[in-house]
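Read the structure below first, then the notes.
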Amino acid sequence: MFPFGSITKDLAGEALTDIRGMHSAGAVGFSDDGVTVMNAALMRDALALSAELSFPIMVHCEEHNLNAGAVMNLGETSRKLGLIGSPNAAEDIIVARDIMLAEMTGGHLHVLHVSTAGAVELIRQGKKRGVHVTAEACPHHWILTDTEVEKQGTNAKMHPPLRTQTDIDAIIEGLCDGTIDAIATDHAPHAPSEKAQGMLDAPNGIIGLETCLPLVLTYLVRPGHLTLTAAIAKMTAIPANILGIDRGTLSVGAVGDVTAIDVDAINQVDVTKSRSKSRNTPFTGWELKGWQTITLREGKKI
């Protein structure tokens, strides 16, 4: 486990935490998790400390005044279902702001779970200008569209929400050209009773740890978007480098965290066999090719 500190006290966005103290105590980065730091001055100060002490500030980008009450993407499906939607602009505005603040301070900005075409392009242009910005994407954001909400209800409710095919295409392009550095899961387990509350009250998020690899192999590697080597790097060495931790390689003397993969194994996603106690996934029953077979943590099978 590598601890992160919060950027602001109580995630309230009103005052910075003791970032220096937590960094000295072992925090590898800072984030307010699923809450955007709406105060630009506070974000500027956090990124200035990032530049001084060399750690990433990881940000969930949503302009909360634009997505108040939203439970899915704003678009044709939200209007059809009569649900409040979050516009792409809610994400794009904060991504643009934070990239400008990172450019001003020299800090390391990491954009979590990119979901919009606009955010991909903003990150791409920031990188071209030399801004220290990195980013990640999750399988659900480059496989599923917001139409899945009509089919699966709360198992397709997440934060940021599923978007459109245009956004999916942009995220895949960003993964291919290096704009999006890493692949993550945004793993969010919730009990069936919580997810059964309906779109307005159910918590956001899905489980994703066990399905991430087969989804990457099936939907990124097999269609030729990424080579197997590039895909593995985006799940191992590159994330470790972003965090500045000694993990993610098979070099001599490295920690023995290893996953063996059968790239030809074909299995259906069966949540009843999941290691997680939660069952909230939109991929139930999907047939995927390429699965992990053995996992070692520090050289021991788990």
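Structure values in brief
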{"read-out": "Fully extended contour minus Cα-Cα distance, from His225 to Ala51, at 0.36 nm per residue", "value": "59.3 nm"}
{"read-out": "Under the span-like rule (Cα at least 15 Å along the axis, Kyte-Doolittle mean at least -1.0), DSSP H helices of the chain", "value": "40-53, 88-105, 117-128, 165-177"}
{"read-out": "Potential extension, Trp286-Glu194 segment - 0.36 nm per residue separation minus Cα distance", "value": "30.8 nm"}
{"read-out": "Longest segment of the chain lacking trypsin sites (Lys or Arg not before Pro) that sit in a DSSP loop with at most 14 other Cβ atoms within 10 Å", "value": "1-128"}
{"read-out": "Dipole moment magnitude, nearest 20 debye, segment 31-145 about Cα centre, only Lys, Arg, Asp, Glu C-beta charged", "value": "320 debye"}
{"read-out": "Solvent-accessible area per residue for segment 218-302 (1.4 angstrom probe, square angstrom)", "value": "63 Å²"}
{"read-out": "Cα→Cβ-extended label distance, 7 Å offset, between Asp264 and Arg79, nm", "value": "5.0 nm"}
{"read-out": "Residue with peak Gaussian network fluctuation, the chain [Cα springs, cutoff 10 Å], from Asp270, Asp146, Asp92", "value": "Asp270"}
{"read-out": "Ser86 long-range amide H proximity, modeled H, under 5 Å", "value": "Val71, Met72, Asn73, Leu74"}
{"read-out": "Extension reserve of the His64-Asp201 stretch, reckoned as 0.36 nm per residue once the Cα distance is removed", "value": "47.5 nm"}
{"read-out": "Label-point gap, in nm, between Val252 and Cys176 - each point 7 angstrom along Cα→Cβ", "value": "3.9 nm"}
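The values are calculated or read from the model by the stated rules, or taken from the named source; none is laboratory data. Nothing here was measured: the structure is a model prediction, and the numbers come from that model. FYI the Cβ positions are ideal-geometry reconstructions off the backbone, even for glycines, and counts take in every protein chain you see. Calculation scope for accessible area: heavy atoms of the full protein, side chains included, ligands and nucleic acids excluded. Shrake-Rupley method; radii C 1.70, N 1.55, O 1.52, S 1.80 Å.
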